[in-house]
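Visitor: Handing you a structure now.
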Amino acid sequence: MNTFSRHRIRPQLTSISVWTLAVLVACLGAHALWEYLLPRAPHVANALAGGLLAAGATALGTVPVMFSQTLSDKVQDTMFGFGAGVMLAACAFSLVAPGLDAAGQLGHGPWGSGFIVGGAILLGAAVLLTMDRLLPHEHFIKGKEGIEVHRLRRTWLFVFAIALHNLPEGLAIGVGYVGNDPVQGSALATGIAIQDVPEGLVVALALLSAGYSRAFSVALGMLSGLVEPLGAVVGALVVGWSAELLPWGLGFAAGAMLFVISHEIIPESHRKGHEVFATGGLMIGFVLMMLLDTALG
């Protein structure tokens with residue numbers, strides 16, 4: 001091995017060691033928190049576990065970036081489409097349908113249940129649209145958006161974009177554990193985690209292609225997943241506080257996810273001219289999540 005190769009690999013190995021230690025410490029802390037919550041608020045403990053599963057999947061997806069070259073645009077767009085398909089099926093089978101059932105169990109008729117869940121969907125999308133307009137952030141391809149973008153470094157614009165993307169996923173996981181039995185909630189968390197593996201890879205690759213170092217791209221990609229357990233706990237706490245909020249929470253999470261799918265993921269997957277591959281990925285992701293949800297639920 002020549003001197004150049006040793007100098008190139010050594011910093012990467014050091015970064016991997018540091019982040020491995022940080023992940024181990026975080027896992028120990030999360031396990032302690034889970035043990036504390038389990039006898040007191042089991043639905044919140046389950047939501048935390050589901051959110052951590054999704055965060056771990058995101059982190060796992062970033063690891064190949066430390067060693068491999070950038071994937072082709074065609075592969076990245078296929079991964080975007082796959083994630084969109086998983087999220088679409090999760091909205092339909094794990095959020096909207098249980099939301100309608102929950103509203104019916106509270107005494108609302110078909111029209112009342114539809115208006116409640118439909119209104120919550122629109123509310124969730126409106127909140128995400130407001131955040132999209134007010135928070136400065138940067139799309140991976142489209143560029144900068146939001147107010148006062150010139151005052152923030154591009155790194156934090158990426159962080160805002162990633163947070164906007166992952167927040168509704170975390171909320172959906174948390175609300176799913178309140179609105180469904182644990183097995184069906186786990187199906188939703190598993191489906192989101194599956195699509196988070198390629199999502200973590202795409203996020204890290206996008207940061208790498210934007211000019212950031214390999215180690216920094218992996219680290220920030222891993223950190224982006226931490227929004228999901230936070231959102232899961234918040235969603236479980238808020239909706240678990242009152243049964244009346246359950247259909248609203250399920251619909252709100254679905255609306256937030258639908259906004260991200262339509263406003264962010266699908267446009268990004270089609271922007272470079274690989275619509276067929278992106279659509280194929282979407283169809284496969286939708287069917288996979290549908291099978292997970294219906295078989296486990």
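Visitor: Give me the number: length gained by fully extending Thr294 to Ala126, i.e. 0.36 nm times residue separation minus the C-alpha to C-alpha distance, one decimal in nm.
Guide: Gain in length upon complete extension: 57.5 nm.
Visitor: Taking the C-alpha atoms of the range 23-76, how large are the radius of gyration and the largest Cα-Cα span, Dmax, in Å?
Guide: My reading of the Cα-based Rg and Dmax gives 15.8, 48 Å.
Visitor: Roughly how many nanometres apart are two label points built 7 Å out from the Cα toward the Cβ at Trp111 and Leu38?
Guide: Here the modelled spin labels are 4.9 nm apart.
Visitor: Between the range 205-264 and the range 265-286, what's the alpha-carbon centroid distance in Å?
Guide: Using only Cα atoms, the two centres lie 20 Å from each other.
Visitor: Based only on Cα atoms, what Rg/Rh ratio does the range 235-279 have, Rh being taken as Kirkwood's radius?
Guide: When Rh is taken as the Kirkwood radius, the ratio is 1.27.
Visitor: Step by step: find N for the range 199-297, compute 2.2 N^0.38 Å, then divide the Cα radius of gyration by it. What's the final number?
Guide: This ratio for the range 199-297 stands at 1.34.
Visitor: Just to be sure I understand the model, the point goes 7 Å from the Cα along the line to the Cβ. What's the resulting Phe216 to Glu244 distance in nm?
Guide: Using points 7 Å along Cα→Cβ, the separation is 5.0 nm.
Only the coordinates and a few stated rules stand behind these numbers; no lab work does. Remember, it's a predicted structure, so these values are computed and weren't measured experimentally. FYI the Cβ positions are ideal-geometry reconstructions off the backbone, even for glycines, and counts take in every protein chain you see.
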